[in-house]
Amino acid sequence: MAAVSLILGGARSGKSRYAEKLATDSHKEVIYVATATAFDEEMQARITHHRQQRNPEWFSVEEPLHLPEIIHEYASASRCLLVDCLTLWMNNILFMTPDMSPSHYVDRLVQTCRTTPGELIFVANEVGLGVIPMGKISRQFVDESGRLNQRMAEIADHVTFIAAGLPMTLKSK
């Protein structure tokens, strides 16, 4: 099984920066897996900004939906895969495959992590700390994201929560 780290935090908490430092500190070849999709101009600007901020030495893969397949394809003992982020991946699942159960995708991801070599770092938003959303799809998104984070935390060797750029260790094996 890969060494799995889960980095959680709110928007602009510093979670991506922390995950990128972990990837750099691994001293392995880093594969950056981005899950964002540009549904509008504002999101396109965010994606462009993220691309410009990435280490130019890292190989990047942009995959909004087929995360287990990408991990299987690129993972090796000599690599560190940084996935940013699981929350956007869940958003893509809900909107791109509305007839599929999100748990199907999550089960495949967990199984892939259990059978993959190397180091895996996942970034995810902690979306359950705010108010309960009013709309059905928004509540489903919060519920499914929370379930995903719990499943990943269960198999992770390390879970870190970031607030105001400061890491708090939640789990360390």
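Each value in this text was obtained by applying a stated rule to the coordinates, not by laboratory testing. None of these values were measured; they are calculated from a predicted model. Please note: Cβ atoms are built from the backbone with ideal geometry, for glycine as well, and neighbour counts cover all protein chains shown.
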- Note on the structure: Rounded to the nearest 0.05, FRET efficiency between Ile155 and Met134 (Cβ-Cβ, R0 35 Å) equals 0.60
- Item | Normalised convex hull volume, region 3-172, alpha-carbon set, Å³ per residue | 112
- Most fluctuating of Asn149, Asn55, Asn125 in the GNM of the chain (C-alpha, under 10 Å) is Asn55
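By average Cβ neighbour count within 10 Å, what is the ranking of 70-81, 127-138 from highest down?
On the way: 70-81: 17.7, 127-138: 10.2.
By packing density, highest mean first, the sequence is 70-81, 127-138.
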- Message: If each DSSP helix of 4+ residues adds -39,500 (n - 2.57) and the sum is divided by the residues in the chain, what number results at 222 nm, nearest 500 deg cm²/dmol?
- Response: -14000 deg cm²/dmol
- Rounded to the nearest 0.05, FRET efficiency between Met43 and Leu65 (Cβ-Cβ, R0 25 Å) equals 0.95
